[in-house]
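Single-structure report; data block below.
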Amino acid sequence: MEQSLNTEQPIINVITPPLWLVAELTYSCPLHCPFCSNPLDFAGEKAELSTTEWIRVLQEARALGAVQLGFSGGEPLMRKDLELLVAEGHRLGYYTNLITSGAGLNEVRIRALKDAGLDHIQLSFQDSTREMNDFLSSARTFDLKRRVAQLIKSHDFPMVMNCVIHRLNIDHADRIIDLAAEIGAEYLELANTQYYGWALRNRDHLIPSRDQLRRAEATVAAKRAALGTRLKILFVVPDYFEGRPKRCMNGWATTILCVNPAGTALPCQAARMLPDMSFPSVRAVSVRDIWYESEAFKRFRGESWMPALCRQCPERGVDYGGCRCQAYLLTGNVNATDPVCDKSPDHGIVLAAIEAGERAPLKPLLFRSPENSRMIMGGLATLE
């Protein structure tokens, strides 16, 4: 893991323990968002880890040094043992965070989660109105989310509101910010869609225009000035429009350890689809051995794996060569320079995707669902 942001220096290959454990408890979810980051073939995933297995993972990761614990999914509230896992995380000394759509959260469960020691809740909305929110989730959730927001506040949880931004809702940024202020969120993340999983499948229908992005940035700046410290707003620009890749997961296997519902350990939630890589299971290998000894986790640490273009770049210690999943999805080469970098010889792929989005007519979205996942696995699903 790099210890300095001096970009003229090479990356220092010191492996430090993971700080974050992301526990993807389940792929089950009552929502069907077309930008979901879950893998396209999630319906074929193996049996979920048991309560006992998850508790062992939490214990091993904490012993290794992890201090943040995020419960994610799917919808983690679909797991009936969530409160038990939160309680164990709290006992072990983690700062615990629930990332939820709100589906399944009621007075009884939020009180139980509070008693178990849950520290933080991130609540997602899809848009600022019932009509658009429920269309984008393909489920009637807006009124539920409003009630859940009240529960979160009444139980004195710090609350982050998250809204994934894309072509269909980016022009509503002002109203989404107003909604966040109205429900009492301390922090709003306007996370522009990053194109993995279902979002990549729907990219032509989700990618905003340059004009939309500029208007949204101006809207956010005006709202920040008006709201002051009342609401902190993070506006995450899509990689495609940045000209430089993000520091993906703070660097491959340097900071974050993800465990998916079936127990596969990953450097990020999307990495399972990378070719010619075998990711270990926590059912067979200890968390310590996974982190320090797994060939998959070692694969893209440091800079020896980088193409010459990246190794010679003074910014390599800032972005660590960009995102391996994004490089693979756009070029078919997991070792390629991330094409969102405007120094990449493949950057034209990104520019073409932006232009295609500008011209693409609106068509039906492919919503995330077990049925559509099985169709994709069978090679049957298209966007046409």
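Side notes on the structure shown:
- Looking across 58, 69, one residue alone is under 21 Å from the mean Cα position of the chain (by Cα), surrounded by 19 or more Cβ atoms within 10 Å (Cβ to Cβ) and in a helix (DSSP H, G or I). It is 58.
- Looking only at residues of segment 184-202 that are under 18 Å from residue 269 (Cβ atoms) and over 14 Å from the mean Cα position of the chain (by Cα), we find that the one that is most open to solvent (accessible area, probe 1.4 Å) is 201.
- Selected residue (criterion: farthest from the chain's Cα centre (by Cα)) from residues of segment 249-266 that are open to solvent by 20 Å² or more (accessible area, probe 1.4 Å) and over 16 Å from residue 66 (Cβ atoms): 264
- The strands (runs of 3 or more DSSP E) found entirely in segment 85-183 that carry 2 or more residues being open to solvent by 10 Å² or more (accessible area, probe 1.4 Å), out of contact with any Gly (no Cβ under 7 Å at 6 or more places or on another chain) and under 25 Å from residue 236 (Cβ atoms) are 120-125, 159-165.
- Listed by position, the helices (runs of 4 or more DSSP H) inside segment 302-384 whose residues that are touching a residue at least 40 places away in the same chain (Cβ under 8 Å) number at least 2 are 316-319, 324-331, 347-359, 370-377.
- In the condition set (1) open to solvent by 10 Å² or more (accessible area, probe 1.4 Å); (2) in contact with a Lys or Arg (Cβ under 7 Å, 6 or more places away or on another chain), residue 295 is compliant with all but (2).
- Pairs with Cβ under 8 Å, 6+ apart, first in segment 144-167 and closer than 16 Å to residue 104 by Cα, second part of a helix (DSSP H, G or I) and of a type in the set (Asp, Glu): 151/107
- Counting only residues that are closer than 30 Å to residue 39 by Cα and open to solvent by less than 60 Å² (accessible area, probe 1.4 Å), segment 205-225 holds 8 of them.
- When residues of segment 267-287 are limited to those that are β-branched (Val, Ile, Thr) and part of a loop (DSSP other than H, G, I, E, B), the one surrounded by the most Cβ atoms within 10 Å (Cβ to Cβ): 282
- Residues that are in a loop (DSSP other than H, G, I, E, B) and either more than 15 Å from the chain's Cα centre (by Cα) or basic (Lys, Arg) (or both), drawn from segment 36-54: 41, 45, 46, 47, 48, 49, 50
- Whether a residue is under 19 Å from the mean Cα position of the chain (by Cα) and modelled with pLDDT of 95 or more was assessed, and residue 25 passes this test.
The values are calculated or read from the model by the stated rules, or taken from the named source; none is laboratory data. None of these values were measured; they are calculated from a predicted model. As a convention, Cβ positions derive from the backbone with ideal geometry for all residues, glycine included, and neighbour counts pool all protein chains shown. Just the protein is used for accessible areas: all its heavy atoms, side chains included, with ligands, DNA and RNA removed. Shrake-Rupley method; radii C 1.70, N 1.55, O 1.52, S 1.80 Å.
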